[in-house]
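First the structure, in the form of structure tokens, and then the observations on it.
The values are calculated or read from the model by the stated rules, or taken from the named source; none is laboratory data. Quick caveat: nothing in here was measured; it's all calculated off a predicted structure. Neighbour counts run over all protein chains shown; Cβ positions are idealised from the backbone, glycine included.
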Amino acid sequence: MGIQQSLFSAVQDAFAENTRISNQRLYHTVASSLGIRESEASRKENIGKKGEKCNVFTRKVRWQQQTLKQLGLIERVASRKGVWQLTKEGKKKIQLHKTQPGITVLGFSTRLGLAIWGDCCDVFSKIDEPVHLMISSPPYLLRNKRAYGNPDETEYVDFICKSIEPVVKHLVDGGSIALNISNDIFLKKSPARSLYRERLVLALYDRFGLFKMDELIWQNKSKPPAPIQWASINRYHLNVQWEPVYWFCNNPNKARSNNQRVLREHTDQHKKLMKAGGYKYRKTCSDGAYSKREGSFGKETKGKIQRNVLDIPHVCKSQQDYKKAAKEIGLPAHGAPFPLNLARFLVEFMSEKDDLVIDPFSGSFTTGLACEQLGRRWIGTDCMYEYIRGSAERFNGCDDYMLSKEMENVSWM
């Protein structure tokens, strides 16, 4: 019963974020929300007397989907096969509540940070405070618009630029911006990927003078199989296992990043090499392109420098605890959060203690939580009431935590 209830909540949350959603997108969203691995989401078993092979996971999702239909909360879109949408009753009961334009409300606060219910442009255009780092995972560019306001492809670059412009104006010399966006955006009815990422990189340089420092690879081995249409159905593509995290800086020569803050432990082999005083002879490789002189790697160091491929699973206990807490107070959890360990790495690498870190699209406020743990000040915004109120449960216990009166009562929903 507990598993079925969790699955039902995940399906309901998917419709809370997407007023209209296809079956394939529903499967992907639910699997990601529950942390279900690719092997489990695609597993088939013999079902029924005939023993026909059937995908167990998608079958269970459809059962919950039919429950929402019987409750009168969702309906089929007549003109599109396999696409569902919220009914008028469904929008009243499970759709998210967005703040009104120009209105900003304090959601909750701690000694180090502020969570603000409001549009990021409204909030950061009024805050006159030096910003050292911005970390965010903006709404992905998806074919089906989500409840939190995802724009279509033609608007996306302008949307991102408009959203971060107030932040750029307050970015300190050497300050950074890290953006996690999707690579899996395709041209309409085509397996060819959109070039929106490249256009965004150029726009941020042309409009704001932000230099591209790196394109970090977030490798997520627990990512559900995708792209469904072009990998699982038409077989053109390989399943994707990574997402990009773009790193920009307004003054590369004064960047506040420091790889010594995020060192990794040396391997046993390298520890032996350092203890032995390094290489005992000169060595060249790649036709002389690389060389190791005698004594190389003989100096004792605290650790090895992290490579720019970040192997961090999407499955995250902190996020699971947040989703459980949100559901316990009757609220939908954010369906596309990134793991706490990813936020912690970016915060620690790109900022110093007491720096101000902001996140315009906070969602489950993972950036803020990472800042709490690492001693950075933070400001986060989100335009959805449910996300802020649910995320507040993650901070209960932080120094000087306070939930605002506007967030205390959800009976109006």
* To do: Confirm whether C383 is within 21 Å of S163 (Cβ to Cβ) and more than 13 Å from the chain's Cα centre (by Cα).
  => yes
* Of the residues V123, V167, V131, V172, which single one is in contact (Cβ under 8 Å) with a residue 24 or more places away in the chain and farther than 30 Å from N396 by Cα? -> V172
* Asked: Yes or no: A392 in a helix (DSSP H, G or I), aliphatic (A, V, I, L, M) and closer than 20 Å to I116 by Cα?
  -> yes
* So which of Y246, Y322 ends up being surrounded by 13 or more Cβ atoms within 10 Å (Cβ to Cβ), within 25 Å of M213 (Cβ to Cβ) and of a type in the set (S, T, Y)? -> Y246
* To do: Could you identify the single residue in I181, I233 that is closer than 21 Å to P313 by Cβ and among the β-branched types (V, I, T)?
  => I181
* To do: Might you let me know whether region 352-370 holds any residue that is closer than 20 Å to A14 by Cβ, more than 15 Å from the chain's Cα centre (by Cα) and in the same structural domain as D128 (by TED's automatic domain parsing)?
  => no
* Give me a count of the residues in region 86-136 that are at pLDDT below 90 and part of a strand (DSSP E or B). => 2
* To do: Among the residues of region 69-85, write down those that are part of a helix (DSSP H, G or I) and either in contact with a strand residue (DSSP E or B) (Cβ under 6 Å, 6 or more places away or on another chain) or over 15 Å from A14 (Cβ atoms) (or both).
  => Q70
* To do: Might you let me know whether region 40-47 holds any residue that is of a type outside the set (D, E), surrounded by fewer than 17 Cβ atoms within 10 Å (Cβ to Cβ), in contact with a helix residue (DSSP H, G or I) (Cβ under 7 Å, 6 or more places away or on another chain) and more than 25 Å from P227 (Cβ to Cβ)?
  => no
* Structure fact -> Among residues of region 325-344 being crowded, with 21+ Cβ neighbours inside 10 Å and at pLDDT 90 or above, the residue nearest to R25 (Cα to Cα) is P339
* Members of region 187-240 that are without any contact (Cβ under 8 Å) to a residue 40 or more places away in the chain, surrounded by 14 or more Cβ atoms within 10 Å (Cβ to Cβ) and within 26 Å of K254 (Cβ to Cβ) -> K212
